[in-house]
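Worksheet: the structure to be examined is printed underneath.
The values are calculated or read from the model by the stated rules, or taken from the named source; none is laboratory data. The model shown is predicted, which means the values in this text are computed figures rather than measured ones. Methodologically, a virtual Cβ is constructed for each residue, glycine included, from the backbone with ideal geometry; neighbour enumeration extends over all protein chains shown.
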Amino acid sequence: MKSSILKASMLLAFTACNDEANFQGATPVTTPPINVSPTEPICNQGEKLNDMRIAFLVDVSGSNAMFDCKEPYRTSFGTTACASTEREASMNTIFNSLNQYSKDLTGTKPSINFALATYPSERNQKSGAEIQLGWTEVNDANQSVFAKSTEVTRNPMGWTPLDAGLAVTKELFSTTAQNTQEDRIITVITDGEQTPHEKEATERHLAELKSTYNVRSIIVLKLPNDNSNYAHEGAIRSFVEKNNQPFWLNGPSFYDEAAFNEYFTFNKNITRNMATTADDYFELKDKDQLTNKLFERIKAHATCL
């Protein structure tokens with residue numbers, strides 16, 4: 001019995017996470033500095049940009065080794081690491097762009113703060129998450145601090161516990177006064193669907209972020225990932241049915257059509273619509289679109305006074 005459960009759960013974990021990429025070992029290189037991109041004005045002339053508090057919630061799961069990993073190489077521990085990532089570059093470009101935009105403004109400057117949380121965590125690669133950087137003002141002095149925090153994306157690992165990521169994002173907003181005037185935005189950057197399956201916790205966190213922590217906008221940007229776990233639904237279903245194996249769904253349970261369908265229906269939709277709570281969802285055709293789409297959506301959700 002235990003062996004059967006393990007086989008089914010291991011198959012699900014493998015298809016969902018893709019922990020290791022297949023590549024020839026490469027020598028790590030130093031990432032060149034990220035240039036400040038010229039930015040279009042966020043507000044019209046004569047308008048003032050409202051204060052902003054933007055939390056980046058970034059998926060660093062193992063499948064990123066295959067889909068957002070420039071010049072991958074093996075570490076001394078035998079794990080996959082990246083010389084740089086598009087997620088890292090995009091977040092830094094946005095920091096630099098908003099910093100430059102603020103500096104170019106005359107009169108009172110808006111207060112713009114960034115924070116970064118990631119999921120999973122190194123200590124708990126199945127269901128953990130952690131805050132990499134607390135609220136940090138966007139200015140020249142903090143550019144290198146923010147850039148350093150984004151390097152965490154270079155080390156893909158583990159599963160995709162979205163619910164844990166949302167929980168630590170609540171912690172971030174709980175550390176600030178519940179300012180209803182500033183624009184509070186969460187930007188989720190992910191390459192796949194949520195694993196493990198935690199529907200109730202995810203929906204609860206999403207609702208609380210809006211109702212309790214005054215988050216105005218939740219934006220989801222999905223990077224291309226041909227190996228998202230629901231693409232393998234047919235293979236997993238066939239394995240379970242053919243072998244009459246137990247299927248792991250919040251604990252061991254024998255194959256049940258309703259439970260199986262509910263699991264995959266949820267995972268197909270939870271990242272896409274964030275349980276109907278997300279204000280924006282975009283599936284990018286190419287990860288190189290990330291920076292432009294990120295700036296576009298932040299601009300769309302900013303308030304000009």
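Brief remarks follow.
- Scanning segment 94-138 for residues that are in contact with a helix residue (DSSP H, G or I) (Cβ under 6 Å, 6 or more places away or on another chain), polar (S, T, N, Q) and at pLDDT 95 or above returns Thr118, Gln132, Thr136.
For every residue, the table says whether it meets (1) of a type in the set (S, T, N, Q); (2) surrounded by fewer than 21 Cβ atoms within 10 Å (Cβ to Cβ); (3) at pLDDT below 85.
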{"position": "Ser174", "(1), (2), (3)": "yes, yes, no"}
{"position": "Gln194", "(1), (2), (3)": "yes, no, yes"}
{"position": "Ala201", "(1), (2), (3)": "no, yes, no"}
{"position": "Lys210", "(1), (2), (3)": "no, yes, no"}
{"position": "Ser238", "(1), (2), (3)": "yes, yes, yes"}
{"position": "Asn244", "(1), (2), (3)": "yes, yes, yes"}
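- First in segment 100-120 and farther than 15 Å from Glu151 by Cα and touching a residue at least 24 places away in the same chain (Cβ under 8 Å), second anywhere and among the small types (Gly, Ala, Ser) and in a strand (DSSP E or B), Cβ under 9 Å, 6 or more apart: Phe114/Ala55
- So Ser144, is it hydroxyl-bearing (Ser, Thr, Tyr) and either in a strand (DSSP E or B) or surrounded by 18 or more Cβ atoms within 10 Å (Cβ to Cβ) (or both): no
- Here Val215 meets the list (1) on the phi < 0 side of the Ramachandran plot; (2) modelled with pLDDT under 55; (3) not basic (Lys, Arg) almost entirely, failing just condition (2).
- Hits in segment 50-79 - residues which are surrounded by fewer than 22 Cβ atoms within 10 Å (Cβ to Cβ) and hydrophobic (A, V, I, L, M, F, W, C): Met66, Phe67, Phe77
- Looking at Lys103, Lys126, just one residue is surrounded by fewer than 22 Cβ atoms within 10 Å (Cβ to Cβ), assigned to a loop (DSSP other than H, G, I, E, B) and of a type in the set (Lys, Arg), and that residue is Lys126.
- Tabulated pairs, segment 148-164, first in contact (Cβ under 8 Å) with a residue 60 or more places away in the chain and within 15 Å of Ala129 (Cβ to Cβ), second of a type in the set (Lys, Arg) and surrounded by 22 or more Cβ atoms within 10 Å (Cβ to Cβ), C-beta under 6 angstrom, 6+ apart or interchain: Thr153/Arg87
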